[in-house]
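The values are calculated or read from the model by the stated rules, or taken from the named source; none is laboratory data. Note that this is a predicted model, so its numbers are computed, not measured. All Cβ positions, glycine included, derive from the backbone under ideal geometry; neighbour counts span all protein chains shown. What goes into the accessible areas is simple: the full protein's heavy atoms, side chains included, and nothing from ligands, DNA or RNA. Shrake-Rupley method; radii C 1.70, N 1.55, O 1.52, S 1.80 Å.
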Amino acid sequence: MASEAVDRLTGLKQEMETREARIGIVGMGYVGLPLSLLFSAERLRVTGFDIAADKVATLNEGGSYIVRIEPDQIRAAQQAGFRATTDYSEIAQMDAVIICVPTPLNEYQEPDLSYVIGTVQSIAPFVHEGQLIVLESTTYPGTTEEVVVPLLEAGNRSQLRVSRALDEPGIHVAFSPEREDPGNDTVARHDIPKVVGGCGPAATELAAEMYGAIFRSVVRVSTPAVAEMTKLLENIYRCVNIALVNELKRLCMRMGIDIHEVIDAAKTKPFGFQAFYPGPGLGGHCIPIDPFYLSWKAREFDFRTRFIELAGEVNGEMPYFVLECIADALNDHSKSIRGAKILVLGLAYKRDIDDLRESPSLTIIELLRAKGATVAYNDPYFPTVGRGRHYDLNMRSTPLDDLAGYDAVVIVTDHSAYDYEAIVAQSKLVVDTRNATKGIDRTNIVRC
Ligand SMILES: NC(=O)c1ccc[n+]([C@@H]2O[C@H](COP(=O)([O-])OP(=O)(O)OC[C@H]3O[C@@H](n4cnc5c(N)ncnc54)[C@H](O)[C@@H]3O)[C@@H](O)[C@H]2O)c1
């Protein structure tokens, strides 16, 4: 029996049952912190590792820096033993370590694995026999085997190797993709099946055992590369389908057809169709980025991922399309963008979240400013916005008390806190990129 052999290798299974296991989670961000809370809710002791000393201090003081995580939840986790640290030497005390650090693209749109590499190099000196190391950061197929394993084997102090067979001692290494959908409350986190693929059967079993404590179902796959590719397939599927509806929206607008009415009708089909919705462009850490991890890797195999490139092109054009729509709408009011006062509603990349990474709002604001508009924004989740990897805005959220003072109000993020009836009633012109004004019948709305 695989599980009996695994029991002999390490006490992790028993420690999970007795709640004595110690779990280290590296990267206390949007993925790592909620994951820590899930384990803590099951009374497992979690140590959160991060290089950001301010985050570590906030967590240890019982505070939170992610809007949808309440300080109460951090304090409840602390009762179960949760604490945070910047000290990697504590990795030695962990039974399992889960890595949740960023995997962005560099300036050439190529994978930037520097965070993963930096993390693995930092933990390698402290890994020990029988320890489970799981990478959760989204990445191209091959990263676990080609990047993580060699660094762990070269960097540990006891010449440990990665275990490849049952009964073979060593470090157990696996990949397990994160599948969180921020802001989506329709599926509880523990109901999202967890995919795991280990470098050996013991790693797969151990990872399944660990995640089994917090997820109702664990899906075992044969290798880390299958697990890595699974995550990319999921995200590419979204990216391509969003591009499809974005393109069809532009056609429908020309044809005088409401794409949202079309999608609502199509989704009544009980099989073979899943609804995706058009918008002002892609945002977030995943959908605009992850597909390019695969297209980069594909080149090593002399292969071009044309769907990914086409979807990237169509989705990447959407903020420019929004700019055109704003220009046309102002033109109909005998106005130009130059000199216009424009209010952008919503900075976050999607509704009701406090994440603006890759948000199309940022691009739209920069495009409007470059054309000579005076731009203000409102977002209940971002009182201010400064400088990021791809933007430099230095702005403050403006109250919604003088909507009539703007030449156009542009809905880029459809936060549910907004009263759209009131916004439309008080504004001269509303450009709606999200169908947030559905059902409101006023001539000052331009839907795009
Ligand atoms: N945010 C999501 O919804 C989501 C969903 C699925 C998958 N993912 C993937 O999960 C991974 C993490 O994403 P995220 O959104 O949590 O990122 P994030 O930026 O919110 O958090 C990453 C954290 O890692 C820390 N960090 C960076 N380098 C470190 C190091 N060397 N050692 C310790 N900590 C370090 C940062 O300080 C930060 O707190 C990415 O690969 C992402 O693609 C994210």
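Per the conditions (1) more than 28 Å from R157 (Cβ to Cβ); (2) open to solvent by 70 Å² or more (accessible area, probe 1.4 Å), the sole criterion not satisfied by R45 is (1).
Here the strands (runs of 3 or more DSSP E) wholly within the range 336-391 that include at least 1 residues being of a type in the set (V, I, T) and open to solvent by 30 Å² or more (accessible area, probe 1.4 Å) are 374-378, 384-387. Of everything in the range 13-33 that is aliphatic (A, V, I, L, M) and more than 8 Å from the ligand (Cβ to nearest atom), the residue that is surrounded by the most Cβ atoms within 10 Å (Cβ to Cβ) is I23.
Within this structure, E107 passes the test of being modelled with pLDDT under 95 and away from the ligand (no atom under 16 Å from the Cβ).
Considering the conditions (1) in contact with a helix residue (DSSP H, G or I) (Cβ under 9 Å, 6 or more places away or on another chain); (2) not in a helix (DSSP H, G or I), T443 is excluded by exactly one of them, (1). Tell me, which residue of the range 86-104 that is aliphatic (A, V, I, L, M) and within 12 Å of the ligand (Cβ to nearest atom) is surrounded by the most Cβ atoms within 10 Å (Cβ to Cβ)? By that ranking, first place goes to I98. From the list T413, T437, which one is at negative phi, without any contact (Cβ under 8 Å) to a residue 60 or more places away in the chain, in contact with a strand residue (DSSP E or B) (Cβ under 8 Å, 6 or more places away or on another chain) and open to solvent by less than 20 Å² (accessible area, probe 1.4 Å)? Going through T413, T437 in turn, the sole match is T437.
All conditions but one from (1) open to solvent by 60 Å² or more (accessible area, probe 1.4 Å); (2) within 16 Å of the ligand (Cβ to nearest atom); (3) not in a helix (DSSP H, G or I) apply to Y115; the one that does not is (3).
Within the range 48-76, being within 16 Å of the ligand (Cβ to nearest atom) and open to solvent by less than 20 Å² (accessible area, probe 1.4 Å) holds for G48, F49, V56, L59, G63, I66, I69, I74. All conditions but one from (1) in a loop (DSSP other than H, G, I, E, B); (2) modelled with pLDDT of 95 or more; (3) open to solvent by less than 70 Å² (accessible area, probe 1.4 Å) apply to F303; the one that does not is (3). The set of residues in the range 128-143 that are more than 16 Å from R179 (Cα to Cα), in contact (Cβ under 8 Å) with a residue 60 or more places away in the chain and either within 13 Å of the ligand (Cβ to nearest atom) or open to solvent by 20 Å² or more (accessible area, probe 1.4 Å) (or both) comprises P141, T143.
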